[in-house]
There are 2 protein chains.
Amino acid sequence: MINVLFAALSERFEQYEIPLRTAFAQEGISANLATDHDPAVVDYIVYAPNSSVQDFTPYTQCKAVLNLWAGVESVVFNPTLTQPLARMVDEGLTQGMVEWVTGHALRHHLGMDTHIHGQDGVWRTHVPPLAKDRPVTVLGLGQLGAACGQALAQLGFPVRGWSKSAKSIDGITCYHGAEGLKPALKDAQIVVLLLPNTPDTENILDADAMAQLAHGAFVINPGRGMLINDDDLLAAVNSGQIAHATLDVFRVEPLPVDHPFWAHPSITVVPHKASETRPDTASQVIARNIRRCENGEPLLFLVDRSAGY
Amino acid sequence: MINVLFAALSERFEQYEIPLRTAFAQEGISANLATDHDPAVVDYIVYAPNSSVQDFTPYTQCKAVLNLWAGVESVVFNPTLTQPLARMVDEGLTQGMVEWVTGHALRHHLGMDTHIHGQDGVWRTHVPPLAKDRPVTVLGLGQLGAACGQALAQLGFPVRGWSKSAKSIDGITCYHGAEGLKPALKDAQIVVLLLPNTPDTENILDADAMAQLAHGAFVINPGRGMLINDDDLLAAVNSGQIAHATLDVFRVEPLPVDHPFWAHPSITVVPHKASETRPDTASQVIARNIRRCENGEPLLFLVDRSAGY
């Protein structure tokens, strides 16, 4: 019998208890799953960075911390965390992100807002170009960025991608490194941000980067709020360099009511709901990782603590 | 030298003249292309049903009428038309339709309008289900319906399709005939109409058909206005049986300003712009068909005059 601590907001346990017990049973794991354990006997921590557990020192027997979130920036540099940390790579989250990014890319591509707002009896007959004439750039080619880029390519968009280190992904023209950023962004009409939040990626979409895009480009950010320089974005939507930005993530969440993004006609605020971890599929990932660890196999999705993701 | 009459609204000739001449040259066709010819010497008519040519009797030497539109209902039963009639099957039109249908299906699936309209500072955190849990039914499995259904299946939606006669299409569970309609619609959450306009399909989406759908379903009609019983649709959006309808086509176009669809909060009127024939790709289809006819080969996309499409 292994002891698994569920350390997340209490309402999450209502969502996760049954899926986790089901997944443990499927993997043949006999677990004592609870939201409260003596720290000294805990074998694994299923973890959300906003839980009350912020000091990992007492968990002396803990073999791994299994994050419920894809993003680890608020736990990866915790100095008390000496245990291995695994990111969540949930196919449900990936699929939800593909649907959200594809939907908003098509919304901007087709100019849907004109009709959603404009039910005024005016017969507007502008027809948009085809996707093949609408270049898209995805910043970030991890699990999420690669999947979204490939879905957009499948629909006919010419897709470029950019990542810190070199990648090769079917259907995506890949750029990398500091010197690859400008060519990746050059004349793009839609840019999608799906980078991790690291010191290197903070403010990566600033005035200089936005100036590379085609005039009247669209920004879609379901990644992290810190990726965008907010003041530069406001200047760019005001000048028309950016026609519209759809933002799902912000430096402060919930986004304060008086933040200028809410009222701006060229910015759509979405309340961090682009996608989320799905209990069924995420529980399977956690159970699989515990089973691997118990069998002495390497953890899946182990975080590189020096890279920060 | 063959004589090709371009019979469409005059502004179309400005769009089509160069693409048609280019396509004729590529197919090795030496053509005298004009908007005005002595009817007795015309070999082919490139035709839009809203052109001034409504009497085909004087075109005694005409070998084929090549429609610029996918829909032929306003020409196919013209009693003066004795020449073979070809529909337009334009890959540009198909691709544009796939983009439009996929975009609006995702818009409704994701509940985008809540955020597009609701920039009021309220942090709404509802997350939609995944596409795999959102059944879609496509009525009509011709070139357009099949392509749209397959694109939606590719994104993860479970897709059923319905057509008059039996079809088999990868990724789509196919139903057909009068007895297949109800099982095709049963519990669908999104229904897409891409049927031809025939006496059999008029009012196919009526109160009975809408009652088969899941409560709160979405209707997307880029096909033909006559496919929907307008009064039944208004009753269904008022009762909540249909959560929202996005309509691109109407019985009268432009839709009159005082039509109740314009003002209804659960109906989005789009001014017949879901997709249109693209001059470059459509001209290639027309040139290829003229070349085939000159070589004694059968016409592509020949209309079955008895079926009406």
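The values are calculated or read from the model by the stated rules, or taken from the named source; none is laboratory data. None of the values given here were measured: they were computed from a predicted structure. FYI the Cβ positions are ideal-geometry reconstructions off the backbone, even for glycines, and counts take in every protein chain you see. For the accessible areas, the whole protein counts, side chains as well, though only heavy atoms, and no ligand, DNA or RNA atoms are used. Shrake-Rupley method; radii C 1.70, N 1.55, O 1.52, S 1.80 Å.
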### Task
Express in % the proportion of alpha carbon pairs of chain A at distances exceeding 38 Å.
21 percent
### Message
Give the B-A buried accessible area in Å², both sides summed, 1.4 Å probe, nearest 100.
### Response
4200 Å²
### Task
Work through the residues other than B:F6 whose Cβ is under 14 Å from its Cβ and net out their charges, Lys, Arg +1 and Asp, Glu -1.
-3
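Nearest 20 debye, what's the magnitude of the dipole of the range A:1-135 about its Cα centre given +1 on Lys and Arg Cβ and -1 on Asp and Glu Cβ?
It comes to approximately 500 debye.
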### Task
For B:Y175, list long-range residues whose amide hydrogen, built 1.01 Å from N in the peptide plane, is under 5 Å from its own amide hydrogen.
B:G161, B:W162, B:S163
### Message
Along the charge dipole of the range A:92-269, pointing to its positive end and built from +1/-1 on Cβ of Lys, Arg, Asp and Glu, which listed residue (A:T201, A:S165, A:V269) has its Cα farthest out?
### Response
A:S165
### Task
Could you list which residues have their amide H under 5 Å from that of B:A64, counting only those 5 or more apart in sequence or on another chain, with H placed in the peptide plane?
B:I45
### Task
Measure nothing but the geometry: give the 0 to 90° angle between the long axis through the Cα atoms of B:10-26 and the longest principal axis through the Cα atoms of chain B, rounded to 10°.
70 degrees
### Task
In nm to one decimal, list the spacings between the A:D200 label point and its equivalents in the other copies, with label points set 7 Å along Cα to Cβ, shortest first.
6.1
#### Entry: Charge dipole (the range B:82-155, unit charges on Cβ, about Cα centre) - positive-most of B:V89, B:H104, B:Q154
B:Q154
#### Entry: Top of B:S30, B:S266, B:S163 by mean-square fluctuation, Gaussian network on chain B, Cα under 10 Å
B:S30
### Message
Can you give me the % of accessible surface on chain A that is carbon or sulfur? Probe 1.4 Å, all protein chains present, nothing else counted.
### Response
51 percent
### Message
Give me the 1.4 Å probe accessible area per residue for chain B, excluding ligands and nucleic acids, in Å².
### Response
40 Å²
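Using the beta-carbon distance between A:R292 and B:D170 and R0 = 30 Å, what value does 1/(1 + (r/R0)^6) give for FRET efficiency, to the nearest 0.05?
Efficiency computed from Cβ-Cβ geometry: 0.25.
So what is the 222 nm mean residue ellipticity for the protein assembly as shown from helices alone, if each DSSP H run of at least 4 adds -39500 (n - 2.57) and you divide by all residues, rounding to the nearest 500 deg cm²/dmol?
For the protein assembly as shown, the value works out to -9500 deg cm²/dmol.
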#### Entry: Overall Cα dimensions of the range B:92-269, principal axis frame, Å, largest first
51, 37, 34
## Note on the structure
In Å, the Kirkwood hydrodynamic radius from C-alpha pairs for the range B:2-93 sits at 13.5 Å
### Query
Equivalent-ellipsoid semi-axes (√(5λ), Cα gyration tensor) for the protein assembly as shown, whole Å, largest first?
52, 27, 23
### Message
Report, in listed order, any pair from A:K164/A:K273; A:K63/B:K132; A:K132/B:K164; A:K182/B:K273 with a Cα-Cα distance greater than 30 Å.
### Response
A:K63/B:K132; A:K132/B:K164; A:K182/B:K273
### Summary
Mean 1/r over distinct Cα pairs of the range B:55-110, inverted to a Kirkwood Rh in Å, yields 13.7 Å
### Query
If the label for B:V257 sits 7 angstrom from Cα along the Cα-to-Cβ line, what are its distances to the same label in every other copy, in nm to one decimal, shortest first?
3.8
### Query
Taking the alpha-carbon centroid of each part, what is the distance from the range A:76-154 to the range A:268-296 in angstrom?
20 Å
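If the convex hull of the alpha-carbon atoms of the range A:137-215 is projected onto planes in all directions, what is the mean projected area in square nanometres? All intermediate terms of the calculation are to be shown ahead of the outcome.
Values: hull surface 18.9 nm².
Mean orientational projected area (the range A:137-215, Cα hull): 4.7 nm².
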### Message
Quick query: amide H of B:I2 versus all other amide H atoms, modeled in the peptide plane; which residues come in under 5 Å with a sequence gap of 5 or more or a different chain?
### Response
B:S30, B:A31, B:N32
### Degrees, to the nearest 10: B:143-154 long Cα axis against longest axis of chain B
40 degrees
### Task
Once you've got the GNM for chain A with C-alpha springs shorter than 10 Å, pick whichever of A:G111, A:G121, A:G140 has the biggest mean-square fluctuation.
A:G121
## Note on the structure
Answer in debye to the nearest 20: the dipole magnitude of the protein assembly as shown about its Cα centre, from +1 Lys/Arg and -1 Asp/Glu charges placed on Cβ, is 1100 debye
### Cα long-axis angle, helix B:279-294 against chain B (0 to 90 degrees, to the nearest 10)
50 degrees
#### Entry: Calculated from backbone phi, Karplus (6.51, -1.76, 1.60) coupling profile of the range A:220-232 in Hz, x at Gly/Pro
10, 10, x, x, 9, x, 5, 5, 10, 7, 4, 5, 5
### Task
Using the charge dipole of the protein assembly as shown (Lys, Arg: +1 at Cβ; Asp, Glu: -1 at Cβ; taken about the Cα centre), state which of B:A245, A:N289, B:L213 has its Cα farthest towards the positive end.
A:N289
#### Entry: Euclidean distance between Cα centres, the range B:202-238 to the range B:20-71, Å
38 Å
### Query
So what are the ³J(HN,Hα) numbers for the range A:85-93, from phi and the Karplus equation (6.51, -1.76, 1.60; θ = phi - 60°), rounded to whole Hz, Gly and Pro as x?
10, 10, 6, 8, 10, 10, 5, x, 5
### Query
So which residue, out of A:A184, A:A146, A:A209, gets the largest mean-square fluctuation from a GNM of chain A using Cα contacts under 10 Å as springs?
A:A209
### Task
Determine the dipole magnitude for the range B:81-202: charges of +1 sit on the beta-carbon of Lys and Arg, -1 on that of Asp and Glu, nothing else is charged, the reference point is the Cα centre, and the result goes in debye to the nearest 20.
260 debye
#### Entry: Inter-copy label distances at B:A211 (7 Å, Cα→Cβ; nm, one decimal)
6.5
